[in-house]
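Peer 1: Pasting a structure below so you can have a look.
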Amino acid sequence: MAKKKKRDESEAVIHNYNKVDTEIEFVNGHSHKEDDKKKSKKKKKREKEQNGVQLKERPTISIALPGSVIDNTQSFELATRLAGQIARAATIFRIDEIVVFDNSVDDSSVTMADNSDENESGSAFLIRILRYLETPQYLRKSLFPRHNSLRCVGLLPPLDAPHHLRKHEWASYREGVTLKEHAPNSAGTLVDVGLSKNVVIDQVLEPGRRVTVAMGTNRQLDDQPRQVVSSSKPREEVGMYWGYNVRYAANISSVFQCCPYTDGYDHLIGTSEHGLFVKSSDLTLPSFRHLLIAFGGLAGLEECIEEDRIMKGKNPCEIFDSYLNTCPNQGSRTIRTEEALFISLQYFQEPINRALQDL
């Protein structure tokens, strides 16, 4: 029970997005009937297009890797830098989800309690750093209590993702955290969105919750309530990359079984030096809704499969739709997982873009 309680408490530091859709209303101040008709037609067309976007699910790209990559590092600082490299790769290549899995069947070893000691497992350590780095800088103090595992994060380069906005920057959307203070002259909630003044949202939410706020076009930081929207809204509306989600899986089979998407991943790719080599320009991927690319640890995906009691004895080609070698004729006997991420994600860029164009 104590371990379960710790895991439940840790969920306070992950995204708590509201699944609320919003529409921006435009006020037409012209009195000319002809202009009104034209604008009315444009508005209907725009609404129709927006509805079409909402109905059509945006394709996602996920990566999966073992937490044991952290256990293989020689020092705490190197472990932190390794986690930073993984976060940088995911951000550069616009990854939607990172799944960190163990090579065991028992998930009780992973606890994310705020007070856990430095003997935190590799998976828990990696998950904590990945979530911390994905969070905009101005929210980290509120969402992440002081923790031993975070003591070297100041050494890491920033992700500089589009949602990591500066204080002087204005954007249609900003990430924020709800505050304890009550909004003046309003029944809403005060939210810190990293600007010189807090904004008010049109909902009453508990403090310490991370939300995505639609800022609109009015740059005046007045007490006019703004709306909380789904975290997917910035991508759907303006095509902005809005960070990645992080998920834990007890083993590689749980990566697929516990997929957060309704119909699961519809195309699975495994990467290994024992996989088939196809030139990136010749590789054809089918149209997909949710693509997953899996990476192995020190002994590769084969060992991860062999240690999973559900998949034990299976050939990787039976599990993955594509089992590929993205770096043939390697000079080193081993390619580290953080290196494989950059190599493989660049390799898949062209095939993925072609597949998305077919949608």
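The values are calculated or read from the model by the stated rules, or taken from the named source; none is laboratory data. Keep in mind that this is a model prediction, so the values were computed, not measured. Note that each Cβ is placed from the backbone with ideal geometry, even for glycine, and that neighbours are counted across all protein chains shown. SASA here: full protein model, heavy atoms, side chains in, ligands and nucleic acids out. Shrake-Rupley method; radii C 1.70, N 1.55, O 1.52, S 1.80 Å.
Peer 1: For region 163-189, how many residues are surrounded by 19 or more Cβ atoms within 10 Å (Cβ to Cβ) and either part of a strand (DSSP E or B) or under 26 Å from the mean Cα position of the chain (by Cα) (or both)?
Peer 2: The number of residues fulfilling the criteria is 10.
Peer 1: Considering only region 118-137, I want to know if a residue exists there that is at pLDDT below 95, in contact with a Lys or Arg (Cβ under 8 Å, 6 or more places away or on another chain) and farther than 27 Å from Gln220 by Cα.
Peer 2: Yes, there is a match, as at least one residue in region 118-137 is at pLDDT below 95, in contact with a Lys or Arg (Cβ under 8 Å, 6 or more places away or on another chain) and farther than 27 Å from Gln220 by Cα.
Peer 1: Which one of these does His163 not meet: (1) closer than 19 Å to Val204 by Cα; (2) in contact with a Phe, Trp or Tyr (Cβ under 6 Å, 6 or more places away or on another chain)?
Peer 2: (1) is the only condition that His163 fails.
Peer 1: Can you tell me which residue is most open to solvent (accessible area, probe 1.4 Å) among those in region 205-231 that are at pLDDT below 90 and farther than 21 Å from His164 by Cα?
Peer 2: Selected residue: Gln224.
Peer 1: Which members of region 300-342 meet the condition of being of a type in the set (A, V, I, L, M) and buried (at least 16 other Cβ atoms within 10 Å of the Cβ)?
Peer 2: Scanning region 300-342 gives Leu301, Ile305, Met311, Ile319, Leu324, Ile335, Ala340, Leu341.
Peer 1: Six or more apart or on different chains, Cβ under 6 Å: which pairs go from a residue in region 291-302 that's assigned to a helix (DSSP H, G or I) to one that's open to solvent by less than 10 Å² (accessible area, probe 1.4 Å) and of a type outside the set (S, T, N, Q)? Could you list them?
Peer 2: The qualifying pairs are Leu301/Gly270.
Peer 1: Quick check: anything in region 270-287 at pLDDT below 95, part of a helix (DSSP H, G or I) and out of contact with any helix residue (DSSP H, G or I) (no Cβ under 7 Å at 6 or more places or on another chain)?
Peer 2: No, there is no match, as no residue in region 270-287 is at pLDDT below 95, part of a helix (DSSP H, G or I) and out of contact with any helix residue (DSSP H, G or I) (no Cβ under 7 Å at 6 or more places or on another chain).
Peer 1: Within region 68-94, how many residues are under 18 Å from Leu301 (Cβ atoms) and β-branched (Val, Ile, Thr)?
Peer 2: Result for region 68-94: 3.
A quick yes/no check of all residues on (1) surrounded by 20 or more Cβ atoms within 10 Å (Cβ to Cβ); (2) modelled with pLDDT under 95; (3) touching a Gly at 6+ places or on another chain (Cβ under 8 Å); (4) in a strand (DSSP E or B):
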site	(1), (2), (3), (4)
Asp36	no, yes, no, no
Ser40	no, yes, no, no
Glu57	no, yes, no, no
Ile63	yes, no, no, yes
Gln85	no, no, no, no
Thr91	yes, no, yes, no
Ile95	yes, no, no, no
Ile98	yes, no, no, yes
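Peer 1: Looking at (1) over 27 Å from Asn353 (Cα atoms); (2) part of a helix (DSSP H, G or I), which is the one condition that is false for Gly313?
Peer 2: That leaves (2) as the condition not met.
Peer 1: Let me ask something additional. If Asp282 meets every condition in (1) out of contact with any His (no Cβ under 8 Å at 6 or more places or on another chain); (2) closer than 30 Å to Gly239 by Cβ; (3) surrounded by 13 or more Cβ atoms within 10 Å (Cβ to Cβ) apart from one, which number is that one?
Peer 2: That leaves (3) as the condition not met.
Peer 1: Filter region 262-279 down to residues that are surrounded by 19 or more Cβ atoms within 10 Å (Cβ to Cβ) and among the aliphatic types (A, V, I, L, M), then give me how many there are.
Peer 2: Going through region 262-279 one residue at a time, the tally reaches 2.
Peer 1: Here's a follow-up. Scan region 228-239 and give yes if some residue there is over 29 Å from Glu134 (Cα atoms) and part of a loop (DSSP other than H, G, I, E, B), otherwise no.
Peer 2: Within region 228-239 (the criterion being over 29 Å from Glu134 (Cα atoms) and part of a loop (DSSP other than H, G, I, E, B)), the answer is no, since none of the residues qualifies.
Peer 1: Mind checking which residues of region 321-359 are under 24 Å from the mean Cα position of the chain (by Cα) and closer than 21 Å to Ser68 by Cα?
Peer 2: Correct list: Arg336, Thr337, Glu338, Glu339, Ala340, Leu341, Phe342, Ile343, Ser344, Leu345.
Peer 1: I'm told Phe256 meets every condition in (1) surrounded by fewer than 21 Cβ atoms within 10 Å (Cβ to Cβ); (2) outside any loop (DSSP other than H, G, I, E, B); (3) modelled with pLDDT under 95 except one. Can you identify the failing condition by its number?
Peer 2: (3) is the only condition that Phe256 fails.
Peer 1: Could you grab me the full set of residues in region 343-359 that are assigned to a loop (DSSP other than H, G, I, E, B) and either open to solvent by 40 Å² or more (accessible area, probe 1.4 Å) or of a type in the set (Lys, Arg) (or both)?
Peer 2: Asp358, Leu359 - these are the residues of region 343-359 that are assigned to a loop (DSSP other than H, G, I, E, B) and either open to solvent by 40 Å² or more (accessible area, probe 1.4 Å) or of a type in the set (Lys, Arg) (or both).
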